[in-house]
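Q: This structure is in structure tokens; I'll ask about it shortly.
The values are calculated or read from the model by the stated rules, or taken from the named source; none is laboratory data. Remember, it's a predicted structure, so these values are computed and weren't measured experimentally. Note that we place each Cβ from the backbone using ideal geometry, even for glycine, and neighbour counts take in every protein chain shown. Surface accessibility is based on the protein's heavy atoms, side chains included, excluding ligands, DNA and RNA. Shrake-Rupley method; radii C 1.70, N 1.55, O 1.52, S 1.80 Å.
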Amino acid sequence: MFGCRVSTSGDSILSGSVNLRESSKDDWERGYGSDGGTRVVRTSAGRTAGLAQLDDDGGVASVYVPCEPKDAQEATGPHALVAEASVNGKSRAAGAARRQDLTDFAYQLTRHAYALAGCKGPSDFPERLPRYGDH
């Protein structure tokens, strides 16, 4: 697990963490409410995917990157680095801007964690994920 927490002078907290877990991309998407009625926006570049919940009150963004663990002989299914980022308290950004900022934060955490996790093979991370657009 790799994480980062930023406390601001305005009493808000930006937090994010990345975990290596057994998960398919479909399972990851289902975990963020796409089956439970919560609406999400999605973006992707190659094997890397991002999503953010369309929730004006809080907001959660997540990034999924496949990762074959260095101890692959013990792995039984697909593995991935899954990052999650959120803001607690007031934030300057709202709506689409906040969703994009949270996704960008989660993406940077994931890029850093990829090397720390010792994932097999190189990953072609783009400079940034494609923008969500106006939602």
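Q: Of the candidates Asp124, Asp104, Asp55, which one comes out as most mobile in a Gaussian network treatment of the chain with C-alpha springs shorter than 10 Å?
A: So, out of Asp124, Asp104, Asp55, the one fluctuating most is Asp124.
Q: Ignoring any ligand, DNA or RNA, what whole percent of the accessible area of the chain comes from carbon and sulfur when the probe is 1.4 angstrom? Write down the numbers at each step before the final one.
A: Details: 3440 of 7570 Å².
Roughly 45 percent, rounded to a whole number.
Q: Can you tell which of Ala97, Ala61, Ala52 shows the greatest fluctuation in a Gaussian network model of the chain with Cα springs below 10 Å?
A: Ala97
Q: Angle between the Cα long axis of helix 95-117 and the longest principal axis of the chain, 0 to 90 degrees, nearest 10?
A: So the helix axis and the longest Cα principal axis differ by about 30 degrees.
Q: A further question follows. Going by amide H atoms built from the backbone, whose H comes under 5 Å of the H on Leu54, apart from near neighbours?
A: It is Arg39, Val40, Val41, by chain and number.
Q: Run the lone-cysteine check on the chain: no other Cys C-beta under 4.7 Å from the residue's C-beta.
A: Cys with no partner Cβ under 4.7 Å: Cys4.
Q: In debye to the nearest 20, how big a dipole does the chain give about its Cα centre with +1 on each Lys and Arg Cβ and -1 on each Asp and Glu Cβ? If you can, show how the numbers build up before the last one.
A: Details: 16 positive and 18 negative charges, 62 e Å.
Dipole about the Cα centre, nearest 20: 300 debye.
Q: Additional query: Check cross-link reach from Lys70 to the lysines: straight Cα distance under 23 Å, and skip same-chain residues fewer than eight apart.
A: Cross-link targets: Lys25, Lys120.
Q: Sticking with this structure for a sec: Per the Kirkwood treatment, what hydrodynamic radius in Å, one decimal, follows for the chain from the mean inverse distance over all distinct Cα pairs?
A: So the Kirkwood estimate lands at 15.2 Å.
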